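Here is the structure we will look at, set down as C-alpha cells.
Each reported figure results from applying straightforward, stated rules to the coordinates on display, with no laboratory input. In this text the structure is predicted, and so the values were computed from the model without any measurement. Methodologically, a virtual Cβ is constructed for each residue, glycine included, from the backbone with ideal geometry; neighbour enumeration extends over all protein chains shown.
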C-alpha cells in the first residue's frame, strides 16, 4: 500500500510548486537555468537587504553620536541610563546582519557548486527523455521523490517522522 502524501497546507503548496516547476521547465537545460536564476535572485535580494541594514545601522550610529551631545527628551531612559529603544534594536539588527552574511556565504558556495552543473550537456534524445519523464512525474502525487521530501519537511532533529 503506497504512503499517502501529507495534506498540510505547506506540503500542498510545495507539491503544487514542485509540479509547476517540472511542467514549465521539463528539460535539463531549463532546470539548470531556473535554478541559476533562483540562486542569483536570492543573492541579489539578500545582498540589497544587507546594504539597507548597513545604511540603517550607520544612520542609527550617526544619530546616536549626535544624540549623545544633545539628549532627546522624547526617549525614556532605561535603568542603565541608555535609551530603552536603543538597547534592543542594535542587537536585533546585528543578529539579522550576521544571519544575512551567513546566508550570502552559503549562497556563494552553492553558486560555485552549481557552476559545475552548467558543464553538463546532454544529447537531444536525453532532453526528450527529460520532457517525457516530466510529463509523467509532475502530476503524480505519490512520486517516491515527493514522498521522501515530504518526510524530510516534517522531520525534526529530536522527533521521528510523523506518519
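General remarks:
- Neighbour-count ranking [beta-carbon atoms within 10 angstrom, fewest first] of 130, 118: 118, 130
- Approximate spin-label separation residue 10-residue 58, in nm, with each point projected 7 Å along Cα-to-Cβ: 3.8
- Fully extended contour minus Cα-Cα distance, from residue 38 to residue 51, at 0.36 nm per residue: 2.7 nm
- Among 18, 128, the order by Cβ neighbours within 10 angstrom, fewest to most, reads 128, 18.
- For the range 5-48: rounded, prolate or oblate by the Cα gyration tensor [a/c cutoff 1.5]: oblate
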